[in-house]
Structures are given as C-alpha cells and as structure tokens.
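Encoded as structure tokens, the structure appears first; notes follow it.
The values are calculated or read from the model by the stated rules, or taken from the named source; none is laboratory data. Owing to the predicted nature of the structure, the values given are computational and were not obtained by experimental measurement. Here the Cβ is made from the backbone with ideal geometry for all residues, glycine too, and neighbour counts use every protein chain on show.
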C-alpha cells in the first residue's frame, strides 16, 4: 500500500513538472531579420529562484520605448572596425556588433559615428553554452570608447542561472524560460580626468531558447566618481510585435510572399480554423484587418492603398500568433 501511494504521489507531482531547459549552441543567437519591440518599465522586480517557477507579470505597466533590428553586419555603418562580427543590432543611430561562435555569444562594441564608437579588445561575453540552472561563468572585459567623454572601461562580471520556469507577460505566456543573474564591477578611466569612475550593479534577465534577446530584464547600478554617486534603475520587456519570438508558440506555417511587394501579398496558414490577419505600422498603428476563410491555407491581401514602407503583419489563429516584417515598395 505504501509503495502504491508513493508511486501515485510521484506521478501526480512529476506529471506537473517540466523538464529543466538548457540553452545549447546557437539558441541565444540573434538571427538576421529579427525585429524587437521594447517596452520600458520603472517598477522594480524580484523574480524568484528555483525550479518550475512561475513569474507572473501579466499586469506589468510599461510604455513603448524603442525598436531594434538585427541586420547583416557588413551592411551596417562601422563594420570595418568589427570585421569578425556575425550580426549587428541596429537602433539608430547606434549599431551594436555581436559575434556568435561554437561556445559563446559576445558583444564587440558599438558604432554611432566616426567620432563616437566603442571597441572591445576583450569582448563582453553575453552567453556561454551549454547553460542551465546552476550554470555560471565569470569573465573580464575591456572596451575603449571614443566620443564626447573618451574613456576606457575594464572590469569583471559573473552570470549565473538561478531558476527556470514560465513567464507571464501582458502579451503572452512563455514556458521553459531561464532566469539569469548578472553582477558586475567596472572601472572607467577618462582621458584627461584623474577621477576614476566605478560602476557596480546587477541585472535579472529572463530568457528563452530560440529568442536572442531577454523577454524581460531589469538592471540596478550605482555609479561613483569624484566623491559623488548616481543610482540607476531600468527595466525592459519584449513586445508581441517582435518577430524574433521564434520559439514562443508561434505558428510555424505562416509565410508572406512576395516580400517586398508592390501590391498583392499572399499569406499562407496552417489551414486550421480561421485566422485573423492584421497589418500595423512600425509604431503599432493598425492599418488593415481581415479574416481568412475557415480552413483556408492561403489568403490574398492587397496592400496597394498603403504607403511604401515597412509594416508588421500579425496572424493569429488557435491561440498562437506570428509576426512578420513586410516591405511595401
């Protein structure tokens, strides 16, 4: 009787537990063409650590902040300074240059103009593979920045995975996420200024395999220089119009072609039920809404009445959604 009860207990408990997720090679890599819509929030967060945690931020108040695009680094301004880059994260006027390799993701620096850029002789490691609950790495970094206040920043940081579970945001719910805790201590040496600057802080970031940016992150830090100090705090989350959400329950059969288009756009679906297709400007304004026929695998959209530019096409069906960038010529 005791053995039967124990077996039943394990079945009930383990049946509600999810396998521990692990980030492996390439699962935290930004892919060319990804588009990220960021929302900013000010309230502090304290995500719990442990296994099978649920982080509920369904009511998190946030405001649109910025959008970022992943582009071919060779097409981005400043590429000559970062010839080993495999991707550029573009949020004008800045281009952040990143490098993916077999065992890590690295930040190489940024470029804004010929007079403002940062080169890292010792790049900042964003991720090491494999990475899961209990994983940790400590690394150094050294970057020289040219601009209004030229400086050289050196320091060390540690990244630790302290939890895994499910994340609930205002737009969607994501399972199999990892909670990363980054702590750092940096020293800034300014050109012509004897006063060193010191930055100490921490970031909590919730990430998911297949998505190259944190779904949710919050940073607190203290900057000290010349006897004075400044406290900083900032938080960001990804919005549902981010096309980089490849592994968040999106429908895999959605396509739109030809892209770019001058008029007619053919949208393919999985043919299950009806789908709602909406077209939005990059600032989120809806400019078109149509419903597909029940069970249809294709739907024709006419974009002739829209001005040339970039649009976000969102297709929702069966509780999942997919967002694609479309260029109207």
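The table below gives the values:
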| quantity | calculated |
| --- | --- |
| Scope the stretch 202-246; condition within 20 Å of the chain's Cα centre (by Cα) and on the phi > 0 side of the Ramachandran plot; matching residues | 210 |
| Any hit, the stretch 6-20, residues being closer than 23 Å to residue 322 by Cα and either modelled with pLDDT of 90 or more or under 20 Å from the mean Cα position of the chain (by Cα) (or both) | no |
| Residue under evaluation residue 311, criteria (1) within 22 Å of the chain's Cα centre (by Cα); (2) touching a residue at least 40 places away in the same chain (Cβ under 8 Å), criterion not met | (2) |
| Residue in the stretch 56-63 that is in a strand (DSSP E or B), within 16 Å of residue 236 (Cα to Cα), more than 17 Å from the chain's Cα centre (by Cα) and modelled with pLDDT of 90 or more present | yes |
| Residue in the stretch 80-94 that is farthest from residue 25 (Cα to Cα), counting only those that are in contact (Cβ under 8 Å) with a residue 24 or more places away in the chain and in a strand (DSSP E or B) | 91 |
| Residue check, residue 123 over 30 Å from residue 323 (Cα atoms) and assigned to a loop (DSSP other than H, G, I, E, B) | no |
| Among the residues listed as 251, 203, the single one being modelled with pLDDT of 90 or more and surrounded by 14 or more Cβ atoms within 10 Å (Cβ to Cβ) | 203 |
| Condition met for residue 223 (within 20 Å of residue 124 (Cα to Cα) and part of a strand (DSSP E or B)) | yes |
